[in-house]
Amino acid sequence: MKLITTYALAAVALLVFYTGNVLAAGEAFEGRKKCSSCHKSQAKSWGDTAHAKAMESLKPEVKKEAKLKAKLDPAKDYTQDKDCVGCHVDGYGKQGGYTVETPNKYLTGVGCESCHGPGKKYRGDHRKAGQTFEKSGKTTQRKVLAEKGQDFAFEESCNACHMNYEGSPWKGAKPPYTPYTPEVDAKYKFEFDKMVKNEKAMHEHYKLDGAFEGEPKFKYHDEFQASAKVAKKDDKKGKE
């Protein structure tokens, strides 16, 4: 009996150790509330975008004509369809991400972490770097954040939803496919370099304080900053 108990305890310990390592190594989504506490102007702007309303489009009778063209049932509630919600929320199927069973409103919609990566590992460094810059003017290398998971490219994240259809030129396409394809309507032809500049889909850009430098840097960073707005006085200054 002692031997069985010993093996059982060892098995439990091994399972806890293994599970802990999997969680530690996995992606950890936190929700946009923490991001928007500093990036207030960006968050306000995002709220008016199509990405912010992504989950709304899955509700019954919303975008009825588009659903009919894509051969979907406009009366169905697709917010509960696990083949659909992944492209309308943050982190579906990943650690800390959105779940159908326990929906989190701060993960609903295609938000900050869908583009910039799950924030749990890099957000603390991001905030500290901003505070350091405010106090002393000392800058931080972007690679510090990149090494902890901040995504400075995110084109593949966009392709994973917009280009994920049968016959797609994107090599990563796999089931479940999106029913919204260029064959259904030409407007579904996705061109990242064009769409990433569309403020109806993305948020508006605001002047950043310069706390970060070096590579990796988003390829349109300088272009966006050249025409960026200045955040309102009642918002915290936009940080990179």
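No value in this document is a laboratory result; all are computed from the given coordinates. Quick caveat: nothing in here was measured; it's all calculated off a predicted structure. All Cβ positions, glycine included, derive from the backbone under ideal geometry; neighbour counts span all protein chains shown.
Annotations for the structure displayed:
- Selection from Tyr122, Tyr78, Trp46 lying farthest towards where the dipole of the chain points positive, charges on Cβ: Tyr122
- With contributions of -39500 (n - 2.57) from each DSSP H run of at least four residues, the per-residue ellipticity at 222 nm computed over the chain stands at -9500 deg cm²/dmol.
- Listed residue pairs exceeding 29 Å between alpha carbons, taken from Lys105/Lys232; Lys105/Lys138; Lys40/Lys171; Lys33/Lys148; Lys53/Lys120: Lys105/Lys138; Lys40/Lys171
- Under a 5 Å amide H cut-off, with hydrogens placed 1.01 Å from N, Tyr206 pairs with Lys229 among residues at least 5 apart or on other chains.
- Contact order normalised by residue count of the chain, Cα under 8 Å, 6+ apart, percent: 23 percent
- Whole-number D in µm²/s for the chain (Stokes-Einstein; Kirkwood sum over Cα pairs; 4 °C, 1.567 mPa s): 65 µm²/s
- Based on every Cα atom in segment 113-240, Rg and the maximum pairwise Cα distance Dmax equal 17.3, 55 Å.
- Taking the convex hull of Cα positions in segment 29-137, its mean projected area over all directions (nm²): 7.6 nm²
- In a simple Cβ point-charge model (Lys, Arg +1; Asp, Glu -1; nothing else charged), the chain has a dipole of about 740 debye relative to its Cα centre.
- By the Cβ distance rule of under 4.7 Å, the chain has these cysteines without a partner: Cys38, Cys84, Cys115, Cys158.
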